[in-house]
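See below for the structure under consideration.
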Amino acid sequence: MTRNLPSREAPSTGRAVVLHPVLKSAREAGRTPEARLEEAIGLAHAIDLTVVHTDTIRVNRPRPATLFAAGVVETLAALVKAKRVEVAIVDAGLTPVQQRNLERAWDCKVIDRTGLIFEIFGERARTREGSLQVELAHLSYQRSRLVRSWTHLERQRGGYGFIGGPGETQIEVDRRLIGERIARLKRELEGVKRTRGLHRHARRRMPYSIISLVGYTNAGKSTLFNRLTKAELDAKNLMFATLDPTMRVLKLPSGHPVILSDTVGFISDLPTDLVAAFRATLEEVRQADVILHVRDIAHPDSAEQKEDVHRVLRDLGLGDAVNSGLIEVLNKLDLLDDEAKRGAYNQARRNGHAVPTSALTGEGLDTLLTLIDGRLRASRQIVELTVDLADGAAMAWLYDRGEVLSRHDDAGFAHFKVSLNAADIARFEHRARDRYH
C-alpha cells in the first residue's frame, strides 16, 4: 500500500516518510498492516511531522544490516531524495546497526517505533515528574544503543534528541556518563514517589473514592474527563495528548463526591523502559476504587487495543481488575452508524459491565455514572465503629459516606453499625489512628 500525502497545515518539524515493515514472522495481534501504518502516521502527526509518503513493505527475510532487502533500500533512497525527506520512520524495532546503515543509505535521520514514541513523550511531558520519567526511559534505551544524534534537521519543539537540532554537536556519550545520569534521575524520582505516597495517604483520609480512567491512546479519555468534570484538559485528536495525570472532583447521582483521575494512554508495543519509568504515575491506577477502561468502539482495531491495555494493566499487577473489575466505556458512539450502534448496545447488555457512550455528545454518561455509583455501593461492608461523641466531624463523615444502619450512644461514645465500601473503611481507620494515637 503506497500513498502520497499532502503537507499538513500545522507548522512542521520536518518532512517524513512512514514505513511499516510487514514481517513474515511477526505477530500482528489481529491488526492489518494498513491499520498499523495508520497508527504510525498518527504518531508522526503527534510531533507535527509533515508526512509526504507512506508505505507497507513486505519483509520475507529480515536483513541483519538493513532489515530491508538491498533493492528495497535502493528504491527508498531514490524516493527519499526526490521528496526531500528529512526523517524516515520505520514502524518496527531497529538494531543500532540497522539504524546507522539506513541513515547512511538514505542520507536522512532514521528512527524506529520506539524512538518515535520516546520523541512524543519527550515533547508532551509538562510536569517535572513527567520530564524525569521520560528522560530516564530515554537514557535507559540509549545506553544500549549509543547512536549519534542526527544534526541536520532543525529542532522546533521539545523532545529527546532522536530528531536533532541546529548548532548541536554530535557527542559520543559513554556508558559511564549515561549511567551516572540515570542514577541521579532514579534518586529524584524516588523523591517524587515518596511525595505521591504522601498525597495518596492524605486522600485516604478524605471522604472520596478514586475513579481512574485508562485506555488506548486517543480513545477519548480526556474528552470524557472534561465532559464529566467540566474541566478544560487538552483533548486534541492526537496520540498521547495527555501524559501527566490530572484529578478533579466529580459528584455521582447519589450525591457522593469522588475523585476522577485521567492517566497516560497506552499503545501496542509500548517500550518496556517507558512502562517502568511511568510505574510511579500509574500507581494511581492501582489505588483506584473503580477503573474505567475507555475504548474507541468505532476503531477497527478496538478489540486488539483492548488486549494491549489489559496487557499493560496486568504488568502493573492489576490482573484481578482486568478479569472482573473493569467498567468498559464503549466510547465514540457518535462515529457509528445505526447498525453498529445497536451492536454496541447489545454488547453492553451481554457484558453487564460495559456502557456505550459518546463523550463528545454526552450520550450514555448518565448510565455510566449510575453504574459507578452501583459499583461503589456493591463493594460496601457492614462494620461496627465507635466514635468519640466530641468528634462531630467523624460522625458527619459516616452519615455522608455510608449508610448508618443503627446507632446507640453511651456516656462518651457513639456506637455505629454502618455500611461502607472497603476504601472508606480504610480511610476511616487511617483518620482514627491519626486522631487518637
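Key figures for this structure:
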read-out	value
Residue within the stretch 26-39 that is hydrophobic (A, V, I, L, M, F, W, C), outside the structural domain of Asp273 (by TED's automatic domain parsing) and at pLDDT 95 or above present	no
The listed residue being part of a helix (DSSP H, G or I) and either surrounded by fewer than 14 Cβ atoms within 10 Å (Cβ to Cβ) or not assigned by TED's automatic domain parsing to the domain that holds Glu429 (or both), out of Thr361, Thr370	Thr370
Subset of the stretch 324-337 that is in a loop (DSSP other than H, G, I, E, B) and among the charged types (D, E, K, R) - its residue that is nearest to the chain's Cα centre (by Cα)	Lys332
Cross-chain or 6+ apart pairs with Cβ under 9 Å, the stretch 322-343 first and in contact (Cβ under 8 Å) with a residue 24 or more places away in the chain and of a type in the set (Gly, Ala, Ser), then surrounded by 15 or more Cβ atoms within 10 Å (Cβ to Cβ) and not in a helix (DSSP H, G or I)	Gly325/Val290; Gly325/Ile291; Gly325/Leu318; Ala340/Ile297; Ala340/Ala298
Cβ pairs under 6 Å, 6+ apart, first in the stretch 68-90 and in contact (Cβ under 8 Å) with a residue 60 or more places away in the chain, second in a helix (DSSP H, G or I) and surrounded by 14 or more Cβ atoms within 10 Å (Cβ to Cβ)	Val80/Trp106; Ala88/Trp106; Ile89/Ala44; Ile89/Leu116
Index of the failed condition, Ile89 passing every other in (1) modelled with pLDDT under 95; (2) crowded, with 23+ Cβ neighbours inside 10 Å	(1)
Residue match in the stretch 185-194 (condition: farther than 30 Å from Val72 by Cα, at pLDDT 85 or above and hydrophobic (A, V, I, L, M, F, W, C))	yes
Any pair with Cβ under 6 angstrom, 6 or more apart, that starts in the stretch 260-280 at a residue that is closer than 17 Å to Leu94 by Cα and part of a helix (DSSP H, G or I) and ends at one that is modelled with pLDDT of 70 or more and not hydrophobic (A, V, I, L, M, F, W, C)	Asp273/Ser140; Asp273/Tyr141
Conditions (1) surrounded by fewer than 12 Cβ atoms within 10 Å (Cβ to Cβ); (2) more than 25 Å from Ala288 (Cβ to Cβ): number failed by Leu389	(1)
Restricting the stretch 34-61 to residues that are touching a Ser or Thr at 6+ places or on another chain (Cβ under 8 Å), assigned to a loop (DSSP other than H, G, I, E, B) and not β-branched (Val, Ile, Thr), the residue that is surrounded by the fewest Cβ atoms within 10 Å (Cβ to Cβ)	Asp48
Close pairs (8 angstrom Cβ cut-off, 6 or more residues apart or separate chains): farther than 14 Å from Ser209 by Cβ in the stretch 422-437, at pLDDT below 75 anywhere	His430/His201; His430/Arg204; His430/Arg205; Arg431/Arg205; Asp434/Arg205
Sole residue being exposed (fewer than 14 other Cβ atoms within 10 Å of the Cβ) and part of a helix (DSSP H, G or I), chosen from Ala344, Ala340, Ala348	Ala340
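The values are calculated or read from the model by the stated rules, or taken from the named source; none is laboratory data. From a predicted model like this one, the values you see are computed outputs, not experimental measurements. We place every Cβ from the backbone using ideal geometry, glycine too, and count neighbours over all the protein chains shown.
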